[in-house]
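Colleague: Before I ask anything, here is the structure I am working with.
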Amino acid sequence: MGGGIAGAAVYWWVGLTGYTPGLLLILVGWMVGTAVFKGSEERGGLVYQLLAVLLTYLAVGAARVPEVNARSKAESEKMPRRVSSRVFDRHHDSFIHRTFSPDMGDAMSREEVVVTAILHTSITVVRGPVYEARQSPVSALIYGCALYVAWRRNKRAVLSVVGPFQWASVSPAPASEAASGS
């Protein structure tokens, strides 16, 4: 998780400059893969590969949250304000309207705002990479490379034991050959 947080922080930090090079996400995959590999005491294997891919996916999603939130905020400001449903609802005093109406007039409490923000961010982290990959083939390629790097970094180490070997008997060279060779 530390590699994912560090990778997402690097991506976010570089994003503050106004540039968001997607190739940094491959670095995130390498960082997460290396962290999982070191954490597994360099064992590798399917479980660690799946863990590295999951953590890389979540780190990539988390790295993109500020950019996605900024884009969605800009798009929401372009959209016209929604007209109150009470204008079109003849039965605005009904139980259903009072219970489910988005314009009930009560402001959300601080806890509700926090829970809503956490829920929205979590959905963005999980859904974001898939949505972005569907919109842009280049993003899909970069995300795929990041996941592959994390997967490949945790490949199981194969211990190869070859043998047994026979010690070859080497007879000492005759003294006449040793003297002529010098």
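Colleague: Order 132, 67, 42, most accessible first, counting only protein heavy atoms with a 1.4 angstrom probe.
Modeller: Numbers: 132 20, 67 55, 42 95 Å².
Largest accessible area first, the residues go 42, 67, 132.
Colleague: Rounded to the nearest 10 Å², what accessible area does residue 16 show when all protein chains are kept and the probe is 1.4 Å?
Modeller: 110
Colleague: Which order do you get for 41, 112 if you rank them by accessible area with a 1.4 Å probe, largest at the top? Walk me through the numbers on the way to the answer.
Modeller: Values: 41 135, 112 95 Å².
The ranking, largest first, comes out as 41, 112.
Colleague: If DNA, RNA and ligands are ignored and the probe is 1.4 Å, what is the ranking of 113, 65, 162, 10 by accessible area, most exposed first?
Modeller: Numbers: 113 75, 65 15, 162 100, 10 50 Å².
Final ranking, largest accessible area leading: 162, 113, 10, 65.
Colleague: Which whole-Hz ³J(HN,Hα) couplings does the range 30-42 yield from phi under the Karplus relation 6.51 cos²θ - 1.76 cosθ + 1.60, θ = phi - 60°, glycine and proline marked x?
Modeller: 5, 5, 5, x, 5, 5, 5, 5, 5, x, 8, 6, 6
Colleague: If you filter the range 1-64 for chymotrypsin sites (Phe, Trp or Tyr not before Pro), then keep DSSP loop positions with at most 11 other Cβ within 10 Å, what is left? Present the calculation step by step, with values, prior to reporting the outcome.
Modeller: On the way: sites: 11, 12, 13, 19, 30, 37, 48, 57; in loops: 19.
Here the sparse-neighbourhood loop sites are 19.
The values are calculated or read from the model by the stated rules, or taken from the named source; none is laboratory data. From a predicted model like this one, the values you see are computed outputs, not experimental measurements. Methodologically, a virtual Cβ is constructed for each residue, glycine included, from the backbone with ideal geometry; neighbour enumeration extends over all protein chains shown. The area values use the complete protein model at the heavy-atom level, side chains included, leaving out ligands, DNA and RNA. Shrake-Rupley method; radii C 1.70, N 1.55, O 1.52, S 1.80 Å.
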